[in-house]
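The values are calculated or read from the model by the stated rules, or taken from the named source; none is laboratory data. Values in this document were obtained by computation on a predicted structure and should not be read as measured data. Cβ: placed from backbone, ideal geometry, glycine included. Neighbour counts: every protein chain shown. To get the accessible areas, we keep the full protein, side chains included, count just its heavy atoms, and leave off ligands, DNA and RNA. Shrake-Rupley method; radii C 1.70, N 1.55, O 1.52, S 1.80 Å.
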Amino acid sequence: MSENTKLEEQTLYLQNMARTIREDLLTMIFAAQSGHPGGSLSAADIVTALYFHFLRIDPQDPRSPDRDRFILSKGHTCPVWYSCLAEKGFFPVEELLTLRAIDSRLQGHPDMNKTPGVDFTTGSLGQGLSIGVGMAISLHTDCRNARVYVVLGDGELNEGQVWEAAMAGAKFKLGNLTAIVDYNDLQLDGFCHDIMPIEPLKDKWLSFGWNVIEIDGHNMPEILEALTRVGEVLDQPTVIIAHTIKGKGVSFMENVCEWHGIAPNREQYVRAIQEISGDEGLDRLKKKFKPLASMIEPPAETAKSKPSDRKPTRDAYGECLAELGREFEDIVVLEADISKSTRTKIFADEFPERFFQFGVAEADMMGAAAGFASTGKIPFVSTYSVFSSMRTCEQIRTSIAYTRINVKIAVSHGGITPANDGVTHQSTEDMGIMRTIPNMTVIMPADYFSTKKLLRAALAMNGPVYLRFTRDAVPFIYSADEEFEIGRGKILEEGGDLTLVANGDMLSVALQASALLRRQGIRAEVIDIHTIKPLDTNLILGSAAKTGRVITVEDHQINGALGSAVAELLGEELPCRMARIGLRDTFAESGPYELLLKKYKMDAESIVAQAFQLLEK
């Protein structure tokens, strides 16, 4: 067989496998009704070539010390990785339908401790290349003939850590390290060249001392040639800049940023599979995934849905921020490429001249906010709470809190409300971190109307404030005319048997528990401590003196935030029987919000059980 014929056969095999991978990843995202199809599709050809032609790996020995390593730094596109792992034999293909389900091995972002074949956990953008550098150095010093491949998103190149890792890779002459940039030019909020331009990208990598190869990321012969060439450079890391199309293979998804993180409905899924593989592809998938046939059946007619009695507090934030923008011309908004998620897009659409997009660069954004505030502006800084509290903690501490400068840190996706996304996006330590920082006010509203009122109260005070909002919808609790004051809690239900102290999304859960207790003759006093710093000490002490038993209920680790604040107060001023409901020194996982509450004993029934334990003592 000639070399040309062999190459043609390899190319055809990989192209067919890439088609299978696209079918699989769309199927799993459709089944989960959650996930990130756009970037998964854009990376499909590259990841397929790696897993079915280049990577030296063995599903029967997935932890072999001599194996090649693969890191998906853009971890949100894990459906393409899971599909390759399943088709390669690391776990049954049928398991793909468990994506993001409770107790699944296939988390919303890759987890090395759960998924066979995953070499490292990812999900927080910008960190993968540093991990790859460490792996490559270690493999080289151990004289192992193994390579490390890291797939990066183009938007994550906004993160400074990527370029720190690039410097290190060149310094240590890591010829066994290859970075691959999935350059589809789309981020969550729009085109990369608008959000935060990264060009001239080739020149940047060259200036950092890397060997650079530029290819069409959907041309399989070019992919094969590029991945072959990286092994020829022994004293220099290589980056492959792969020009791709987000949503590649599905016409209505291609180059449409809205398909970054939404799942197709039944009609869209069927159409997508037909575009990729025709009707025979859909028939094949029905045989491959037995539950699929019923999933794509037209649904029975249902009654029209009633108006919702729930709304995410992030919605109230976005709407109120625009209202405040009309009233105060010195308000500016800084965003980190997720304005559609944090709802700052509402402000951006109305006041584009006062909206500043910093891309996926939270630390830079937080420092810039301090600079804005120093000139008399009132910056509202928004991102996900997990990134604001941890990735930018030092910037907040030194440049904002220490200086007592007037910055409002208003963040979404608090607690486990980003349920299906998994641990990397569930912020369960943030309020504890913020509470320990001097000069910082820490607030978590419980519903739509309290969010609007507390946002206005935060604006009225001079100094740094941390406001935490929910991703998922929470019930309406307060009326539109209810008034709120920072540092002053509210008694929602009076009782004499025990006190339930809650905030945020857990206030409604505490109210559910109170209703269950009342049916059994137990009257709980339910308190909303929306501000955990400063704490309403008088209200808590007064209620504890009356009931003698206190349970704190929070969507957070039980250490550091509401539970700790109340325990410290009672321990010093009024020792009494107390329990804390929340995560108990553990990370959660992917899964529906309500099921996560139940699994981690944070639901109403668990509060009731804890109440009876206290009452029996």
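Could you identify the single residue in Glu214, Glu199, Glu254, Glu258 that is in contact with a helix residue (DSSP H, G or I) (Cβ under 9 Å, 6 or more places away or on another chain), touching a residue at least 24 places away in the same chain (Cβ under 8 Å), among the charged types (D, E, K, R) and in the same structural domain as Gly134 (by the TED database)?
Values: Glu199 fails: touching a residue at least 24 places away in the same chain (Cβ under 8 Å); Glu254 fails: touching a residue at least 24 places away in the same chain (Cβ under 8 Å); Glu258 fails: touching a residue at least 24 places away in the same chain (Cβ under 8 Å).
None of the other options fit; the residue is Glu214.
Listed residues Ile477, Ile491, Ile443; which is closer than 16 Å to Thr313 by Cα, touching a residue at least 12 places away in the same chain (Cβ under 8 Å), open to solvent by 40 Å² or more (accessible area, probe 1.4 Å) and of a type in the set (Val, Ile, Thr)?
Working: Ile491 fails: closer than 16 Å to Thr313 by Cα; Ile443 fails: open to solvent by 40 Å² or more (accessible area, probe 1.4 Å).
The match here is Ile477.
Tell me the residue from Ser294, Ser305 that is part of a helix (DSSP H, G or I), under 31 Å from the mean Cα position of the chain (by Cα) and modelled with pLDDT under 95, please. Full working, then the answer.
On the way: Ser305 fails: part of a helix (DSSP H, G or I).
Result: Ser294 is the single residue among Ser294, Ser305 that is part of a helix (DSSP H, G or I), under 31 Å from the mean Cα position of the chain (by Cα) and modelled with pLDDT under 95.
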Exercise for the section: Filter region 210-240 down to residues that are within 32 Å of the chain's Cα centre (by Cα) and assigned to a loop (DSSP other than H, G, I, E, B), then give me how many there are. Expected result: 5
Fill in the blank from the handout: Of the conditions (1) open to solvent by 40 Å² or more (accessible area, probe 1.4 Å); (2) on the phi > 0 side of the Ramachandran plot, the single one that Gln274 does not satisfy is (2)
Practice task
For region 533-591, name all the residues that are free of Cβ contacts under 8 Å to residues at least 12 places away in the same chain, of a type in the set (Gly, Ala, Ser) and over 28 Å from Pro464 (Cβ atoms).
Solution key: Gly542
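Please find, within region 340-357, the residue that is surrounded by the fewest Cβ atoms within 10 Å (Cβ to Cβ) out of those that are touching a residue at least 60 places away in the same chain (Cβ under 8 Å) and not in a helix (DSSP H, G or I). Outline the logic, then answer.
In the first step, residues of region 340-357 are kept if they are touching a residue at least 60 places away in the same chain (Cβ under 8 Å); the result is 340-343, 345, 357.
Narrowing further to those that are not in a helix (DSSP H, G or I): 343, 357.
Values: Arg343: 25, Gln357: 21.
Residue satisfying both the conditions and the ranking: Gln357.
Going by the structure shown, is Val360 in a helix (DSSP H, G or I), open to solvent by less than 70 Å² (accessible area, probe 1.4 Å) and out of contact with any Lys or Arg (no Cβ under 7 Å at 6 or more places or on another chain)?
Working: in a helix (DSSP H, G or I): no; open to solvent by less than 70 Å² (accessible area, probe 1.4 Å): yes; out of contact with any Lys or Arg (no Cβ under 7 Å at 6 or more places or on another chain): yes.
For Val360, the condition - in a helix (DSSP H, G or I), open to solvent by less than 70 Å² (accessible area, probe 1.4 Å) and out of contact with any Lys or Arg (no Cβ under 7 Å at 6 or more places or on another chain) - is not met.
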Problem - Only one of Gly39, Gly35 that is part of a helix (DSSP H, G or I), closer than 23 Å to Gln187 by Cα and in the same structural domain as Pro116 (by the TED database) - result: Gly39
Practice task
Just one of (1) open to solvent by less than 50 Å² (accessible area, probe 1.4 Å); (2) assigned to a helix (DSSP H, G or I) trips up Lys6, so point out which.
Solution key: (1)
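Would you confirm, using the coordinates I've provided, whether Asp337 is of a type in the set (Asp, Glu), within 22 Å of His193 (Cβ to Cβ) and part of a loop (DSSP other than H, G, I, E, B)? First the steps, then the outcome.
Values: of a type in the set (Asp, Glu): yes; within 22 Å of His193 (Cβ to Cβ): yes; part of a loop (DSSP other than H, G, I, E, B): yes.
Taking the combined requirement at face value, the residue satisfies it.
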Practice task
Just name the residue that is nearest to His76 (Cα to Cα) out of those in region 20-45 that are touching a helix residue (DSSP H, G or I) at 6+ places or on another chain (Cβ under 6 Å) and open to solvent by 10 Å² or more (accessible area, probe 1.4 Å).
Solution key: His36
